[in-house]
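Presented below is the structure to which this report refers.
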Amino acid sequence: MWRRVEAHPGAWDMIVVGGGATGVGVAIDAASRGYDVLLLEQSDFGKGTSSRSTKLAHGGVRYLEQGNIGLVMEALKERGLLLQNAPHLVRDLAFVVPNYDWWEAPFYGLGLKLYQLLAGKYGFGESRILSKQETLEHLPNLKTEGLRGGAVYYDGQFDDARLLIHMAATAFEQGAALLNYVEVTGVTKDTQGFVDGVSARDGETGDEFRAAAKVVVNATGAFTDQLRLKPEPSVEPMIVPSQGIHLVFDASFLQGESAIMVPRTSDGRVLFAIPWHGHTLVGTTDTPIAAATLEPVAMEEEVEFILATAAEYLTKAPKQTDVLSVFAGIRPLVRATGVANTAALSRDHVIHIDRSGLVTITGGKWTTYRHMAEDCVDQAATLAQLPERPCGTRQLRIHGFHGAAKELGALAVYGSDAYEIRKLIADEAGLGERLHPALPYVRAEVVWAARHEMARTVEDVLARRTRALFLRARAAIEMAPAVAGLMASELGWDDAVQAKQLAEFRAMASHYLVPS
Ligand SMILES: Cc1cc2nc3c(=O)[nH]c(=O)nc-3n(C[C@H](O)[C@H](O)[C@H](O)COP(=O)(O)OP(=O)(O)OC[C@H]3O[C@@H](n4cnc5c(N)ncnc54)[C@H](O)[C@@H]3O)c2cc1C
C-alpha cells in the first residue's frame, strides 16, 4: 500500500477519510469508476461503528412502522444486491415476532407482508403468521406463558468486520490505496480557502506527510464534526452520537436456527436475539452520549436493560455471569430540530458540502453503504470536476466471492480465500491447530491476516480479522499470547513490541468483560 502511495504522482482525484463501511464503500465506488483514490484510517479498518453493529442486512421493520417507506425500499434493494455480490458473507435468516396479545398476529402479520412485498424481486423469503406450535418449532426456548403464536419474516445477516475487510480488498483490486493506522490531522486549503488535501500522521512511525487531492471526502462516522471543524472552525455540528450495546451468550440461550425480533421494548425500541457464529447475540440500546470515542464502553444500565428484556422472552433467563462479551458502538445520527429522542432520528444518509468544499457523507446504515457511496461519488466528482463516469458497483462482486461458501466449513467467511488458507495449513501442519478450544479459529488465520489483510496489531486479529473478542472476551485474552507470537514472526516484532502489544490488548479487552 505504501508503495502505491509513494509512487503516486501529484494530487489524488479523491482522498477519503475514515475506513468504516461508508469510507471503504466510497473508495470502492470511486476506484471502480477509474478515479485515483487514497483512503486513510486513523486506527484499523472497522475499529469504529462498522464492527459493532447488529450485523443485519435489513430494510428495517421499525422504519416501516415510522412510515419511512422510501428508506425501507432502498435498504431492501441494497440487501438484495449485497447477497448477490457477497454471497459468501451474507445469508438469509428467519426472524420470528412472538405474539402475546390477540391483536399482534394480524397487526405484525400484515406489516411483515408489506415488508416482504416492498422487496419486490430482491425478496428473501415469505412472511407469514405462525401458530403457537410453529412459533415454538422456530424458537424452542421461547417463554410459552401467554404465547399465542407469532409471525415470521426474512432478513439478511452478515459478519460486519469481515465484510469490511473483503471490501477493502475489493477497493484495492479496483486500484485504490488504503492505509490503516494513518490519522488525518488537518485539512489543507488553497489560497482561495478551498480544501485541497490533508495532512496526516503515520501511527506506526510518527512520520507526518501531506497529500493533495481534488476533493476530500469525510466519512468519519461519529467523528464527522471533529473533521469538519479542522478547515472551518465555525461550522454547525451535524451529528448527535448515540450508543448501542450488544451482549453475547452461548448458543443454549437461543436454540434453533431463527432469530427473535421484539418490536417494542419498554423503552420503545426493537430488540433482537440472533444466532451468530455459534453464539447468541442480543441487542441493542439507544443511549445519547456526549461525545464519540474509539472504544466506547457499555453502561451498567444498558447491560441490565438487555438482560431484563431478554429474560421476558427466554425460558433460560440470562444473567450477568452468562455474558461472554459485551460491545458498544456509536450511531452517527444526523441532527434534526424538534426531535427529543434519538430512536426517532432519521437513519437516512446525508451528503453535506461545507463552504470549504469538504464533502461529508454520514448517517445511513451498513446495509445501504453501496447506495450511499454512489450518491457521494456522484456529488464529489461533480464538485472536483472529474470526468463524468457511471457507477458500476451494482454488479461488482466483493473480494472472495463464492457461490457455495458453506462447503468451506469454518473458513466459509473467507470465500475463495479459504483455499489459500488451506494451502498454508497443508504446507505447515501446525497452522491447522486451534487457538482456543471454545472457538474455531486456527493459527493459519493469524498468518493470513498479517500477510494479506493488513492486520497490524493483536487486537486487529482478535477483534476484526477473527471475531474472538466479540464472541468470547475471556477466550480472546487467553488466545492473545499465541497470536502475538505468530504476528511477531510475520511482522518482525522483538520481545518488547510483543509485550507492549499484549499489554495494550489486555487493557482494551477488559471492557468486553462484564464484571460479575
Ligand atoms: C449498535 C448499532 C447497531 C447497528 N446495527 C446495524 C445493522 O444491524 N444493520 C445496519 O445496516 N446498520 C446498523 N448500524 C449502523 C451501521 O453500523 C453504521 O451506519 C455504519 O457502521 C457507519 O459506518 P461509518 O463508516 O459511517 O462509520 P465508522 O464505522 O465509525 O467509521 C468511521 C471511521 O473513521 C475513522 N476516523 C475518524 N476520524 C479520523 C481521522 N481524523 N483520520 C482517519 N480516520 C478517522 C474512525 O477511526 C472510524 O474507523 C448499527 C449501528 C449501531 C451503533
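Laboratory data are not the source of any read-out in this text; all were calculated from the coordinates shown. All figures in this text were calculated on a predicted structure; none of them were measured in a lab. Positions of Cβ are backbone-derived with ideal geometry, glycine not excepted, and every protein chain shown enters the neighbour counts.
Some points to look at:
- With a threshold of 26 Å on the Cα-Cα distance, the over-threshold entries among LYS77/LYS132; LYS113/LYS365; LYS47/LYS423; LYS143/LYS319; LYS55/LYS77 are LYS77/LYS132; LYS47/LYS423.
- Near TRP493, once Lys and Arg are set to +1 and Asp and Glu to -1 for all other residues with Cβ below 11 Å from its Cβ, the sum equals -1.
- Distance-filtered residues of segment 1-34 - backbone nitrogen under 16 Å, label point 7 angstrom along ILE353 Cα→Cβ: 14-15
- Total formal charge among the other residues, if their Cβ is under 10 angstrom from that of THR360, Lys/Arg +1 and Asp/Glu -1: -1
- Protection proxy ranking, highest mean first, for peptides 310-320, 47-57: 47-57, 310-320, where packing is the per-residue count of other beta-carbon atoms within 10 Å, averaged.
- Spin-label model, VAL297/ARG506: points 7 Å from Cα along the beta carbon direction are separated by 1.8 nm.
- The overall shape of segment 256-409, judged from the alpha-carbon gyration tensor, is oblate: a/c is not under 1.5, and a/b is no greater than b/c.
- Taking a ≥ b ≥ c as the square roots of the Cα gyration tensor eigenvalues, segment 371-513 comes out prolate, since a/c reaches at least 1.5 and a/b is larger than b/c.
- Label-point separation in nm, GLN226 to ALA426, each point 7 Å along Cα→Cβ: 4.6
- For a label point 7 Å along the Cα-to-beta-carbon line of GLU312, residues of segment 73-116 with backbone N under 13 Å: 98-101
- Over segment 222-298, Cα pairs under 8 Å with separation of 6+ residues give a relative contact order of 33 percent.
- As a proxy for reagent exposure, LEU40, LEU229 were ordered by neighbouring Cβ count within 10 angstrom, fewest first; the result is LEU229, LEU40.
- Computed from point charges on the beta carbon alone (+1 for Lys and Arg, -1 for Asp and Glu), the dipole magnitude for the chain about its Cα centre is near 840 Debye.
- Cleavage-rule hits, GluC sites (Glu not before Pro), segment 378-442, DSSP coil, Cβ neighbours within 10 Å at most 14: GLU388, GLU428, GLU433
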